[in-house]
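S.K.: Dropping the structure in here first, questions after.
The values are calculated or read from the model by the stated rules, or taken from the named source; none is laboratory data. None of these values were measured; they are calculated from a predicted model. Reconstructed Cβ throughout: ideal geometry from the backbone, glycine too, with neighbour counts over all protein chains shown. Remember, those area values only see protein heavy atoms, side chains included, never the ligands or the DNA or RNA. Shrake-Rupley method; radii C 1.70, N 1.55, O 1.52, S 1.80 Å.
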Amino acid sequence: MSGLGYIPRIVDDEIRPRLAAFGAVVIGGPKACGKTRTAREHAASEVLLDVDQAARAAAAIDPKLLLEGDTPRLIDEWQLEPALWNTVRRAVDDRSLPGQFILTGSSNPADDMTRHTGAARIARIQMRPMSLVETGHSNGAISLEGLLQGEVPRSADPGLTLTDVIDRVCVGGWPAFQRLSIEDALVGVRGYLDEISRTDVTRVDGKRRDPRRVQQLLRSLARNAATEAAITTIAADTAGPEDVLARDTIYDYLDALTRLMIVEDQPAWSPHLRSRAQARTTSTRHFVDPSLAVAALAASPSELIRDLSYFGYLFESLVVRDLRIYAQAFDGSVMHYRDNTGLEVDAIVQTRGGSWGAFEVKLGGEAHIASASKSLLTFAQRVDTAKIGPPATLAVVVATGYAYQRPEGVAVVPIGALGR
């Protein structure tokens, strides 16, 4: 079902081998990140449950009817009819053939019924908004996987300016907004977030939630992006003239936003340490795409360039988003580090094989790069490399400029040159 005008996605290279090995593949990701369009590139037939009411009615009577068609058969937004999960699982068992179904979903079922029942039958792939490589704003000259294999980065300035990077944060990686003007894209992302607040947080599990309070929470998350803000901090931050969000309400709303894959916190890394420092276990808070923070605050590029201190946090979220996309392609994960002495590292990327690298994120400037480099070297000395091995790379990811290695061995990589 391949079509013209398709922009290849990094997850394409994950979908193909999994279809060859598993009976079904589940692609999960936030609404509008491009799941359906990508799935169609690999499917031979489809049923779209979010728009086909007849199919929804058939699913309620005889779910097996929806499985009939050329394979791989795409079942889009399958979570709207959760009973389909067991039907697909049984069909995979009965057919004993790989590549039968592709399921896409923009939320996780409330009871997480899929957690234990698809082992060895169904593969899962997480999809996010587009990275800068996918939107064409990074040339990908410096491979993240290569860095984790010890490669020394070297590339010319890819040409991104700080203004360009601010625009990319505002537009985000949403496929539908890539060809719009910055102003129209800002309107589009704000509309997207408004729809999340008004309908999607209720639709995810049928529990009514106050859109005004959801928006309060979203604004607080935006103000605290790329920080370890505690629930108490968020509660205080949501205080209005008359009320404040209760802790239970915040937990409930965060759960809904997590199931919608709108927020994606960055877990802490807990390595063996040589020193007496103790690694903290608090996650760093991020939206799945930094454009959502911009939308929640109704900010504009001109406001962000006047507040580069805050924009630095959004840039960190942009880098974390792209690191996640690139790392997933080689089965890597992205964490962060902070200990009780205050030493922190913005991103730790670790492969399943154990190779790892540490990344600090700075907008740029020699003084900031030098400080980040010193911090990374201090961190590397603190880690017990006898138990986890030495870092394959220590790198500072910056907004603009060249890729090179500093005399002390720390790499400097502009986001416009970073790729998988």
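S.K.: Considering only protein heavy atoms and a 1.4 Å probe, what is the carbon-and-sulfur percentage of the accessible area of region 10-52?
M.R.: For region 10-52, the apolar C and S fraction of the accessible surface comes to 53 percent.
S.K.: Grab the beta carbon distance between Ala120 and Asp331, set R0 = 22 Å, and tell me the FRET efficiency rounded to 0.05.
M.R.: 0.80
S.K.: Given a 1.4 angstrom probe, what's the average accessible area per residue across region 121-160, in square angstrom?
M.R.: 43
S.K.: Run the quick spin-label model on Ala246 and Leu162: label points 7 Å from Cα toward the beta carbon, then report their separation in nm to one decimal.
M.R.: In this crude label model, Ala246 to Leu162 measures out at 4.5 nm.
S.K.: For the residue pair Asp12 and Lys64, what label-to-label distance in nm results when each label sits 7 Å from Cα along the Cα-to-beta-carbon direction?
M.R.: 3.7
S.K.: Indicate the gyration tensor shape class of region 325-414 (rounded, prolate or oblate), computed on the Cα atoms with a ≥ b ≥ c the square roots of the eigenvalues: a/c under 1.5 is rounded; otherwise a/b larger than b/c is prolate and the rest oblate.
M.R.: It is oblate, given that a/c is not under 1.5 and a/b is not larger than b/c.
S.K.: Same structure again: Over region 118-266, calculate the relative contact order: mean separation of alpha carbon pairs under 8 Å at least 6 apart, over the residue count, as a percent. Kindly include the intermediate steps, with their values, before the conclusion.
M.R.: Working: 83 pairs, mean separation 22.4, N = 149.
Here the relative contact order equals 15 percent.
S.K.: Calculated FRET efficiency, Arg274 and Arg198, Cβ-Cβ r, R0 56 Å, to nearest 0.05? List each step's numbers first, then the result.
M.R.: Values: r = 51 Å, r/R0 = 0.92.
Rounded to the nearest 0.05, the efficiency is 0.60.
S.K.: From largest accessible area down, sort Glu408, Glu134; use a 1.4 Å probe on the protein chains.
M.R.: From most exposed to least exposed: Glu408, Glu134.
S.K.: Determine the shape class of region 154-291: with a ≥ b ≥ c the square roots of the Cα gyration tensor eigenvalues, call it rounded for a/c under 1.5, and otherwise prolate if a/b is greater than b/c, oblate otherwise.
M.R.: The shape class here is oblate.
S.K.: Pull out the extension gain between Ala370 and Asp50, defined as 0.36 nm times the separation in residues minus the alpha carbon to alpha carbon distance; nm, one decimal.
M.R.: Once the chain is fully extended between Ala370 and Asp50, it gains 110.1 nm.
S.K.: In addition: Identify which of the listed values of semi-axes √(5λ) of the Cα gyration tensor in Å was calculated from the structure shown: (i) 35, 30, 18; (ii) 35, 26, 22; (iii) 37, 22, 20.
M.R.: Among (i) 35, 30, 18; (ii) 35, 26, 22; (iii) 37, 22, 20, the one calculated here is (ii).
S.K.: With a 1.4 Å probe and all protein chains left in place, how much accessible area per residue does region 1-92 have, in Å²?
M.R.: The answer is 43 Å² per residue.
S.K.: Could you work out [θ]222 nm for the chain from helices alone, using -39500 (n - 2.57) per DSSP H run of at least four and dividing by all its residues? Round to the nearest 500 deg cm²/dmol.
M.R.: -11000 deg cm²/dmol
S.K.: Take the alpha carbon gyration tensor of region 133-219, find the square roots of its eigenvalues, order them as a ≥ b ≥ c, and report rounded if a/c is under 1.5; if not, report prolate when a/b exceeds b/c, else oblate.
M.R.: In terms of gyration-tensor shape, prolate.
S.K.: Tell me the relative contact order for the chain as a rounded percent, counting alpha carbon contacts under 8 Å between residues six or more apart.
M.R.: In percent, rounded to a whole number, it is 18.
S.K.: Here's something else I'd like to know. So which lysines pass the test for Lys207, namely a Cα distance under 22 Å, with those fewer than 8 places away in the same chain ruled out?
M.R.: Cross-link targets: Lys31.
S.K.: For region 267-420, what is the largest minus smallest coordinate of the Cα atoms on each principal axis, given in angstrom and ordered from greatest to least?
M.R.: 48, 33, 32
S.K.: Less than 17 Å apart at the alpha-carbon level, and either on another chain or at least 8 residues along: which lysines does that give for Lys374?
M.R.: Answer for Lys374, where 17 Å is the Cα cut-off: Lys362, listed by chain and number.
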